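Working notes, beginning with the structure itself.
Read the figures in this text as sums done on the coordinates, not as results from a lab. These figures come from a predicted structure and were not determined experimentally. Note that we place each Cβ from the backbone using ideal geometry, even for glycine, and neighbour counts take in every protein chain shown.
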């Protein structure tokens, strides 16, 4: 009998004071995201580009979901 496939546990942490969100896989920090597109790029660079960031159960969103980016509207022109 084979071993079950291990999927990465990705966490997008609660926003910091500047609105950025840390993205981790286990104990490893993959990067800092200031927008949903940053999460997509961070996962692509970690060879996890097949993950659907807004819908995938592999991603745990803490402190808000994929649409929650405090301070983002302040930076848009």
Square roots of five times the Cα gyration tensor eigenvalues for the range 10-66, Å:
16, 12, 11
Sorted by average packing, counted as other Cβ atoms within 10 angstrom per residue and highest first, what order do 11-19, 36-44 take?
36-44, 11-19
